[in-house]
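Here, each number is a calculation from the coordinates, and none is a lab measurement. Bear in mind that the values here come from a model prediction, so they are computed numbers and not experimental data. Cβ: placed from backbone, ideal geometry, glycine included. Neighbour counts: every protein chain shown.
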Amino acid sequence: MELQISRAIVNEWFGKFQEHLQSDVIIIGGGPSGLLCAAELASQKIKTTLIESKLAPGGGMWGGAMLFNTIIIQNEAIHILDKYGIRYKECGDGLFTVDAVEATSALIYHASHNGAAIFTGMCMEDVVVKADRVCGVVVNWNPVKRLDMHVDPLSIMAPHVLDATGHPSEVVKVLCAKNHVSLNLPGSALQSERSMNAEAGERACVEYTGQIYPGLWVSGMAACGVSGSNRMGPIFGGMLLSGMKAAALLQESLTKCASDA
């Protein structure tokens, strides 16, 4: 039985990984915007790969506010909760409380159930750039990176890469630092986001979601980071709206590319 268990796991995992060496979209970071984008894309049969460095996707949504596992969603994003079957309670001023564990687990379930391939414990250490376009990412095991082991990585390819790494904007930083790329944005990708301003952060999170370099897109807190906008704390409506917007824009771009071809 031990041999059968090991063989089944190895065959299944490597089959999934080999199938997703080439995808339509690669999402780096499994926070709320990345998970929702993955769920939306996969529901449209778009081949989607999500890379998450931790054992469990979910990003900052798991922790709620200071480990209180309750988060806030504003009225503008309630339709997303309804779509994904996430319960909420009104708390006044157009705001609603949501159980962080229920919300996070629902997003993970739907992203995976809809068909997105989620690889955990894996991190992005570089991008693939050809003809001034991001066309893939270089990945390695997160423990390998943490232990600073000299182990060469592998590359996985896609015409569209979404930086959903949150506060660090890791994919954008690597692109800028290693390829002398200067982005025409209000802020700087190397400065990350500004101090707390929930209203401004929520607006910027959605407003700056989009393509910032050929083949490279940003969503969630990464959009705040590259735009030099503010953090917003334990309110997650902007993250969800950002994930929805990213999915719609990516689907539109993929459709246009297919029609042009």
Residue (of 108, 48, 150) at the positive-pole extreme of the chain, dipole from beta-carbon charges: 150
Set of aspartates and glutamates with alpha-carbon distance to residue 16 below 16 Å, sequence-local pairs under 8 removed: 24, 52
Expected vector for the stretch 18-30, Karplus 3J(HN,Hα) from phi with 6.51, -1.76, 1.60 and θ = phi - 60°, integer Hz, x for Gly and Pro, equals 5, 5, 10, 5, 10, 10, 7, 9, 10, 10, 9, x, x
Among 196, 61, 149: highest mean-square fluctuation, GNM of the chain, C-alpha pairs under 10 Å: 149
Calculate the radius of gyration of the Cα atoms of the stretch 1-106 to one decimal place, then report Dmax, the largest Cα-Cα distance, as a whole number, both in Å. 17.3, 58
Along each of its three principal axes, how wide is the spread of alpha-carbon positions in the stretch 135-240, in whole angstrom units, largest first? 43, 28, 23
Sequence-distant residues sharing a close amide H with residue 27 (under 5 Å, placed H): 49, 50, 51, 162
Which value, in debye to the nearest 20, describes the size of the charge dipole of the chain about its Cα centre when Lys and Arg Cβ atoms bear +1, Asp and Glu Cβ atoms bear -1, and nothing else is charged? 240 debye
Would you kindly derive the ³J(HN,Hα) couplings of the stretch 107-122 from the backbone phi angles with the Karplus curve 6.51 cos²θ - 1.76 cosθ + 1.60 (θ = phi - 60°), listing them in order in whole Hz, with x for Gly and Pro? 5, 4, 4, 5, 4, 5, 5, 6, x, 5, 8, 10, 10, 9, x, 10
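If I take R0 = 22 Å and measure r between the Cβ atoms of residue 113 and residue 70 in this structure, what FRET efficiency does the formula 1/(1 + (r/R0)^6) give, to the nearest 0.05? Working shown, then result.
Numbers: r = 25 Å, r/R0 = 1.14.
So the FRET efficiency works out to roughly 0.30.
Dividing the Cα convex hull volume of the chain by residue count, how many Å³ per residue is that? Please list the in-between numbers first.
On the way: hull volume 38.8 nm³, N = 261.
Looking at the chain, the number lands at 148 Å³ per residue.
How much length, in nm to one decimal, is gained on full extension between residue 177 and residue 43, taken as 0.36 nm per residue of separation minus their Cα-Cα distance?
Values: separation 134, 0.36 × 134 = 48.24 nm, distance 3.46 nm.
Gain on stretching residue 177 to residue 43: 44.8 nm.
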For the chain, whose charge dipole is built from +1 on Lys and Arg Cβ atoms and -1 on Asp and Glu Cβ atoms, the candidate among 181, 243, 219 with its Cα farthest towards the positive end is 181
